Amino acid sequence: MHRNHLPALALLALATSCGGGVNGASRTVIQNKGSDTLLNVAQAWAEAYSTVNPECTVAVSGGGSGTGISAMINGTVDLANASRKMKERELAAAGENGVTPVEFVVGYDALAVYVHAANPIESITMEQLAGIYGDGGSLVRWSQLGVTIPNGGSDEIVRVSRQNNSGTFVYFREAVLGREGKYKLGSLDMHGSKDVVDLVENTPGAIGYSGLAYATDHVKLVPVISADSGAPVTPSVDTAVDRTYPIARPLLMYTAGQPEGAVAEYLDWILSDDGQRIILAKGYAPVRALD
Amino acid sequence: MASPGGDRSGPDHLGREWWWDKIAQVLLFGGGISAIVFIIAIFVFIAQQGLGYALVDLDLATYFTSPEWRPTSEPEPVFGALALIVGTASVTGLAMLVSVPFSIGAAIFIGEFATGRTREILKVLVELLAAIPSVVWGFIGLMVMSPLLMDVFDVSVGVSVLNAGLILGLMAAPIMTTIAEDALKAVPDGFREAAEAMGATRWQVIRQVVLPSAKNGLVAAVLLGVGRGFGETMAVLMASGHSINMPTSPLDQVRALTATIAAELGETARGSDHYRVLFSIGILLFLVTFIINLLADMFVRGKKTAR
């Protein structure tokens, strides 16, 4: 992940060294930190924005949603990236600091359910997902779902999850198990979105969840049946935009109080068609359908 | 702190040599006490971050008896480290089962049987084995051992206690071999000669004379191996499956204490409960390795006083 900083940093250094001589005094720097899910997009935005508004530099770093939010509360960054909403505890901490966080939805991410390419499963319901992942859930074998793993593969469902402070982990828990739901312990907890997909690719009995942007040709994306429509919905940018896919989460940016000046201009640009085309190009869904 | 240069009198009292002496003295003194300074600094840091929390706010009964590690659960997180402790213990235990016979055997061969080039080459190879970075061992566990174990045992996941134990055993073996060999070498040749003079065979010499007199050193070697296994992070993180689980068979996935810190600390808000609990795990690890090293040291000392 940290390797990703380098091109952005190099660009920033370049931008500063070029622009500094011309008009160093009026240059503004926006500090932007948070979710690793949003890191790639945030860097792409920062790079593109340096050509849109050369007077403004956006410094991007990762560290996780929680890290970004606490930095925003402490006033060390202007913009926090988050792949989940702020928790009650964080809102309380902001209140104690006299900060009123303002939330902006900058895109959507569909969390796809991944299985091995040879797994014949055609769709899965939210209840079944809860039965597999939830504490006390009874689904532990593929045969309980009417699925036989081909080539004599093991019948046991190998649950792949994320480390417990990732925004993806928290969002999947909320969406599938409910706000106070608990995961069944004993899942394989991977340390990155890509690691989940890699493990599922190599393990015939595995099931995992990860951002849609990490899909490859070597794994299968299972259509999810939501309680509302009753029809299986394949995760895609389109189904995330029209909100028919049930496990799509908003990607957020938080500011401390209503943004002003350069930060407000930057957010406006991110939400413009130009900015939204960049998030689409990175494999996430824009906030609205683009032409 | 009387320096050899300081005693000198006469015109070159403040000459170049005197200054070199002083500089060398200060540098050596600094180097000598640095280990103490660092160990104290580390302990103070860990204690300051986690000890107060561990003693006051942390429910120690839950911590040591509950296998439920849910540090980010809403609304109430649960900090039960039992599964993590059992995970570390099972992996380390299996690693010792694998590596103790191997490394004692290797030490006996290198120390008592091998001669000349064979001995030198073996020693270099063992030391080279100790120099392999742990992430490379983890990689071997993930990419080589895992498919192998899946094939051999017909299981769906190849990373497990067995995988991590084998990898950790291979990692701990070189250190144990080197220390065990030192212990064997410390047995005076006179012992061997006396036994041989009384008609003992080579095997009898080793079994009844060398091994018993090197006993304490060998125990120290094993204990240091255990300490190594307990503290290893990267390879265990990669090869154990990183899954909160009370293992019932060597093919189950587990999660180690060290791996939990490595995986979670980076994205934990500083100063939060979760952050402090991770530091309390650090304190636990520190205490255990401290006790193991102390025991090893006592055994080495025991050997010296016994003679």
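The values are calculated or read from the model by the stated rules, or taken from the named source; none is laboratory data. Because the structure is a prediction, the values reported are computed rather than measured. Glycine gets a Cβ as well: all are built from the backbone with ideal geometry, and neighbour counts include every protein chain shown. Just so you know, the surface numbers come from the protein's heavy atoms only, side chains and all, with ligands and any DNA or RNA stripped out. Shrake-Rupley method; radii C 1.70, N 1.55, O 1.52, S 1.80 Å.
Only residues that are free of Cβ contacts under 8 Å to residues at least 24 places away in the same chain and either at the interface with chain B (Cβ under 10 Å from one of its Cβ atoms) or within 17 Å of residue B:83 (Cα to Cα) (or both) were counted across region A:181-194, and they come to 0.
Against the list (1) assigned to a helix (DSSP H, G or I); (2) among the charged types (D, E, K, R); (3) open to solvent by 40 Å² or more (accessible area, probe 1.4 Å), the condition residue B:74 fails is (1).
To keep it simple, each residue is scored yes or no on (1) within 14 Å of another protein chain (Cβ to nearest Cβ); (2) open to solvent by less than 20 Å² (accessible area, probe 1.4 Å); (3) under 30 Å from residue B:245 (Cβ atoms).
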site	(1), (2), (3)
B:34	no, no, no
B:38	no, no, no
B:41	no, no, no
B:48	no, no, no
B:55	no, no, yes
B:58	no, yes, yes
B:80	yes, yes, yes
B:83	yes, yes, yes
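When region A:225-264 is filtered for residues that are among the acidic types (Asp, Glu) and more than 18 Å from residue A:103 (Cβ to Cβ), the ones remaining, listed by number, are A:228, A:238, A:242. Against the condition open to solvent by less than 10 Å² (accessible area, probe 1.4 Å) and either in contact (Cβ under 8 Å) with a residue 40 or more places away in the chain or hydroxyl-bearing (Ser, Thr, Tyr) (or both), how does residue B:173 come out, does it pass? No, not satisfied. With respect to the stated conditions, residue B:144 is assigned to a helix (DSSP H, G or I) and of a type in the set (A, V, I, L, M, F, W, C). Among (1) open to solvent by less than 30 Å² (accessible area, probe 1.4 Å); (2) within 22 Å of residue A:63 (Cα to Cα), there is one condition residue A:119 misses while meeting the rest; what is its number? With respect to (1) open to solvent by less than 30 Å² (accessible area, probe 1.4 Å); (2) within 22 Å of residue A:63 (Cα to Cα), residue A:119 is out only on (2). Annotation: of all residues in region B:135-159 being buried (at least 20 other Cβ atoms within 10 Å of the Cβ) and in contact with a strand residue (DSSP E or B) (Cβ under 6 Å, 6 or more places away or on another chain), the one that is farthest from the other protein chains (Cβ to nearest Cβ) is B:159. When the residues of region B:191-208 are filtered to those that are assigned to a helix (DSSP H, G or I) and open to solvent by less than 40 Å² (accessible area, probe 1.4 Å), which remaining residue is nearest to the other protein chains (Cβ to nearest Cβ)? This residue is B:206.
Of the residues that make up region B:259-275, is at least one facing another protein chain (nearest Cβ under 10 Å), open to solvent by less than 40 Å² (accessible area, probe 1.4 Å), touching a strand residue (DSSP E or B) at 6+ places or on another chain (Cβ under 9 Å) and farther than 24 Å from residue A:63 by Cβ? Looking for residues that are facing another protein chain (nearest Cβ under 10 Å), open to solvent by less than 40 Å² (accessible area, probe 1.4 Å), touching a strand residue (DSSP E or B) at 6+ places or on another chain (Cβ under 9 Å) and farther than 24 Å from residue A:63 by Cβ, one finds none in region B:259-275, hence no. Only one of these is under 27 Å from residue A:70 (Cα atoms) and at pLDDT below 90: A:262, A:289, A:213, A:240. Name it. The match here is A:213. Look at residue A:227 and say whether it is part of a loop (DSSP other than H, G, I, E, B) and more than 14 Å from chain B (Cβ to nearest Cβ). When the stated conditions are applied, residue A:227 passes them.
If you go through region B:54-71 and keep only what is in a helix (DSSP H, G or I) and closer than 25 Å to residue A:180 by Cα, you end up with B:60, B:61, B:62, B:63, B:64, B:65. When the residues of region B:219-247 are filtered to those that are under 14 Å from residue B:94 (Cβ atoms) and in a loop (DSSP other than H, G, I, E, B), the one that is most open to solvent (accessible area, probe 1.4 Å) is B:247. For region A:158-180, the candidate set comprises residues that are facing another protein chain (nearest Cβ under 9 Å) and in a loop (DSSP other than H, G, I, E, B); within that set, the residue that is farthest from residue A:210 (Cα to Cα) is A:180. Looking across region A:184-242, the residues that are out of contact with any His (no Cβ under 7 Å at 6 or more places or on another chain), within 22 Å of residue B:148 (Cα to Cα), open to solvent by 30 Å² or more (accessible area, probe 1.4 Å) and not hydrophobic (A, V, I, L, M, F, W, C) come down to A:195, A:198, A:202, A:218. Taken over region A:232-291, residues that are part of a helix (DSSP H, G or I) and not basic (Lys, Arg) amount to 24. Give the residue, chosen from A:107, A:64, that is crowded, with 18+ Cβ neighbours inside 10 Å, at pLDDT below 90 and of a type outside the set (D, E, K, R). From the options A:107, A:64, the qualifying one is A:64. Pairs under 9 Å by beta carbon, first residue within 13 Å of chain B (Cβ to nearest Cβ) and part of a helix (DSSP H, G or I) in region A:84-112, partner among the β-branched types (Val, Ile, Thr) and surrounded by fewer than 21 Cβ atoms within 10 Å (Cβ to Cβ), six or more apart or different chains? Sorted first by the residue in region A:84-112, then by its partner, the pairs are A:93/A:99; A:94/A:100. If you check B:256, B:164, B:172 for being modelled with pLDDT of 90 or more and away from chain A (no Cβ under 14 Å), only one passes: B:172. Can you confirm whether region B:113-127 contains a residue that is in a helix (DSSP H, G or I), in contact (Cβ under 8 Å) with a residue 12 or more places away in the chain and among the aliphatic types (A, V, I, L, M)? Among the residues of region B:113-127, at least one is in a helix (DSSP H, G or I), in contact (Cβ under 8 Å) with a residue 12 or more places away in the chain and among the aliphatic types (A, V, I, L, M), which makes the answer yes.
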